[in-house]
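One structure below.
The values are calculated or read from the model by the stated rules, or taken from the named source; none is laboratory data. These figures come from a predicted structure and were not determined experimentally. All Cβ positions, even for glycine, are placed from backbone atoms using ideal geometry, and neighbour counts span all protein chains on display.
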Amino acid sequence: MKRSLWRNRHFTILLSGQWVSQVGNTLALMAVSWYILSVTHSRSDLGYALGGIGLAGLVGIIAGVFADRWDHRRTLVTTDALRTLLSLLVVAAAIEHVLNVFLVVGALFALNLLGTLFSAAEAAYLPEVTGPEDYGDANGVNQSSGALAQLGGLGLGGFLLAIGGPVLLFFLNGISFAVSSVSLALTRPKAPSPRRTTKPSSIRSDLRQGLIVVRDSVFLRHLIPVTILLNFVAMPLNVMDVAWVRQVLHLGAVAYGIFGVAILVGMVGGSAFGNTLGKWAGFRRTVIAGLTVAGGGIAAMAVFPHFIFNLGCLFVVGVGIGVVNAVLSTRIMVATTPELRGRVAGLLSTLLTLASPLGAAVAGWASGPLGLLWLFRLSGLLIFLLAFGLIGLPETPEALASSPAVGTVLN
């Protein structure tokens, strides 16, 4: 890894703020899952609620348009400031004894809406802060840092849930957004965000330009359908982890936190060496191997549902996910011209999570007739099989560039 990356003060400030924010995000998701299952005592309600929250991700297709229109740094600072206020409103509702499931789900839906805009702007801003020469290393570090942050959140979250309940976690999430907003305000890019040299076109036109880029990419046309299906069949682990710990393993909040730590330790390792592995083994083989390992790990969990064995399985799952995330995100963003990065990131976020809300609802429903053991076995098997749908994926994505009509330059 280049030393110049760590000499970039603005990158280290950005990374530190995002680390704190990711810890808060993890605490909030734990709080929501725990709260809903505690109040409703229903796996189906948990799946439906998290599926509804996930619908917010569908606005990423529009969020990317605005991320490309607005100054990236200012967008990130404002978005985190708004998320601070929303998180603290949940705490205020709890203090006033008016907190309920609908309010919690609504607040998390709104936070996710803002999060889609944040993600699109961040994907476009990171290369501006690091410069193209350091972006590959920076993205790998960012992926690992995000996993480490989630690791810290899960490690603390179980104990904090036992001590102060979900409300304490909502409060800490609000504080984390405030820290992130301040840190982002202190950063400066090496080059300013792309600016239009012509009169701004309509939102529909901007959106169409992004869609054309995705449509014309052989790489993305092959990747997206398989990934949509993968996200759908992977939802049992994402949604039913709290039910697995409480209803299959019959353990409590601390175990729930440790349970999530295992997968994130694996993700940290996978993200750290994913790009190196991709250079050595080849991009396509690395992605297929990562997904195969992840699917096998999920299926193995249900073969022997014992806490210690499950921790090992989740570590393996995390390694596979970390490798895939690092390799794919780096390849796509490097191939995309700066003026389109927000739109491409937003479109991909929307398309690749298209099946997540439905998957969450189906996982909640299917957990009744199938039971959690068979649900996890089926999920792992399907991921394993779908991984081979990427055999024809091009080894290197073609350049994802705009047409001259976009009319943007770097100032």
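Structure above, values below:
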{"item": "Some residue of segment 190-210 being under 22 Å from residue 81 (Cβ atoms), modelled with pLDDT of 75 or more and surrounded by fewer than 15 Cβ atoms within 10 Å (Cβ to Cβ)", "result": "no"}
{"item": "Test: residue 326 is part of a helix (DSSP H, G or I), in contact with a Lys or Arg (Cβ under 7 Å, 6 or more places away or on another chain) and either over 29 Å from residue 34 (Cβ atoms) or at pLDDT 85 or above (or both)", "result": "no"}
{"item": "2 or more residues surrounded by fewer than 23 Cβ atoms within 10 Å (Cβ to Cβ) and at pLDDT below 80: qualifying helices (runs of 4 or more DSSP H) within segment 11-124", "result": "43-54, 60-69"}
{"item": "Where residue 266 falls short, out of the listed (1) in a helix (DSSP H, G or I); (2) within 22 Å of residue 47 (Cα to Cα)", "result": "(2)"}
{"item": "Top-ranked residue in segment 361-378 [being in a helix (DSSP H, G or I) and of a type in the set (A, V, I, L, M); ranked as surrounded by the fewest Cβ atoms within 10 Å (Cβ to Cβ)]", "result": "373"}
{"item": "Residue 282 being surrounded by 17 or more Cβ atoms within 10 Å (Cβ to Cβ) and modelled with pLDDT under 75", "result": "no"}
{"item": "Residue check, residue 223 crowded, with 17+ Cβ neighbours inside 10 Å, at pLDDT 75 or above and assigned to a helix (DSSP H, G or I)", "result": "no"}
